[in-house]
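Participant: Next up is a structure, given as structure tokens.
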Amino acid sequence: MKKFLIFCAVICLIFLTITEAYDSVNADNNTGTVTDIDGNVYHTVKIGNQVWTVVNLRTTKYNDGSPIPLVTEKDAWIALSTPGYCYYNNTTDADRIKKNGALYNWYAVDTKKLAPVGWHVPTDAEWNTLQNYLIINGYNWDGTTTDNKIAKSMAAKTDWKTDTDPGTIGNDLSKNNKSGFSALPAGFRSFRSGNFVGNFGRWWSATENGLFTAYCCSLNYDLVYFFMDHYYKSCGYSVRIIKDN
């Protein structure tokens, strides 16, 4: 009996050691969750010194409880110079909304009330920090640490249109998402026509670029790089949030 108890104690110790080691490894990336004012729960990932949500925001209210205007009609969307949001193709499918999130114009971002307390929409500089970390730390598709070839490492393993060019997101989706950022092609809404455009992922930054435009970034199924630019504030783009330092 004594030998049996010792044996059990040893097995338990080994199990606890393995469990603690597993948790310590995963704690570097899977950092928990954050909940918005609508009660939506978002899983998070740590990349470098930043903590990001791994899905797009889908709140329908600001963090003070006031509603964000839902704008479905094309002409109404085009005319907006105030905050608004919609869903891709005006879907009402709850599973699709949970997966892809909502699309917001930049005027909603500029309220600085989209994210839960302790979180915020990333600035252009914070997007740059993410990009540079991934490049320098070997997340390029070919393992290099110069140039911008990080798109595959940021894109999810599902939903992207396929492509034959080496290193693009759409070339062998099984090799995507090394970083855990888990980006999906949630599409966007045009400022000019109010139409929805698919096969892309586009996200706002919180940084303005003059009277009519703000900084944003995108991933395309047929590109190897993470694209950063600025575009019209009335576009409907996805939003990721980042934890305050």
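Participant: Under the condition of being in contact with a Gly (Cβ under 9 Å, 6 or more places away or on another chain) and polar (S, T, N, Q), which residue from the stretch 184-203 is modelled with the highest pLDDT?
Facilitator: Ser190
Participant: Further, regarding this structure: Are there any strands (runs of 3 or more DSSP E) wholly within the stretch 1-95 with 1 or more residues that are out of contact with any Asp or Glu (no Cβ under 9 Å at 6 or more places or on another chain) and modelled with pLDDT under 95, and if so which?
Facilitator: 30-35
Participant: Among the residues of the stretch 214-227, is there at least one that is among the aliphatic types (A, V, I, L, M), part of a loop (DSSP other than H, G, I, E, B), under 13 Å from the mean Cα position of the chain (by Cα) and buried (at least 22 other Cβ atoms within 10 Å of the Cβ)?
Facilitator: There is no residue in the stretch 214-227 that is among the aliphatic types (A, V, I, L, M), part of a loop (DSSP other than H, G, I, E, B), under 13 Å from the mean Cα position of the chain (by Cα) and buried (at least 22 other Cβ atoms within 10 Å of the Cβ).
Participant: Another question about this same structure. Could you list, in sequence order, the residues of the stretch 155-195 that are without any contact (Cβ under 8 Å) to a residue 40 or more places away in the chain and under 25 Å from Tyr87 (Cβ atoms)?
Facilitator: Hits for the stretch 155-195 are Ala156, Lys157, Thr158, Asp159, Leu173, Asn176, Asn177, Ala183, Pro185.
Participant: If you don't mind, there's one more thing I want to ask. For the stretch 97-125, give me each residue that is surrounded by fewer than 21 Cβ atoms within 10 Å (Cβ to Cβ) and of a type in the set (A, V, I, L, M).
Facilitator: Ile97, Val117, Ala125
Participant: Which residue is nearest to His120 (Cα to Cα), if the candidates are limited to the stretch 179-208 and must be touching a strand residue (DSSP E or B) at 6+ places or on another chain (Cβ under 8 Å) and of a type in the set (S, T, N, Q)?
Facilitator: In this case the residue turns out to be Ser205.
Participant: Further, regarding this structure: Output the number of the condition that Thr207 fails; it satisfies all remaining conditions of (1) assigned to a strand (DSSP E or B); (2) buried (at least 22 other Cβ atoms within 10 Å of the Cβ); (3) of a type in the set (S, T, N, Q).
Facilitator: That leaves (2) as the condition not met.
Participant: While we're on this one: Being among the polar types (S, T, N, Q) and more than 19 Å from Asn177 (Cβ to Cβ) is the filter here; which residues of the stretch 34-54 pass it?
Facilitator: Thr35, Asn40, Asn49
Participant: So for the stretch 147-159 (the condition being farther than 30 Å from Leu70 by Cβ and among the aliphatic types (A, V, I, L, M)), does at least one residue qualify?
Facilitator: Within the stretch 147-159 (the criterion being farther than 30 Å from Leu70 by Cβ and among the aliphatic types (A, V, I, L, M)), the answer is yes, since at least one residue qualifies.
Participant: Shifting gears a bit: Restricting to the stretch 43-83, count the residues that are closer than 22 Å to Lys98 by Cβ and touching a residue at least 60 places away in the same chain (Cβ under 8 Å).
Facilitator: 9
The values are calculated or read from the model by the stated rules, or taken from the named source; none is laboratory data. Treat the numbers as computed from the prediction; the structure is a model and nothing was measured. Positions of Cβ are backbone-derived with ideal geometry, glycine not excepted, and every protein chain shown enters the neighbour counts.
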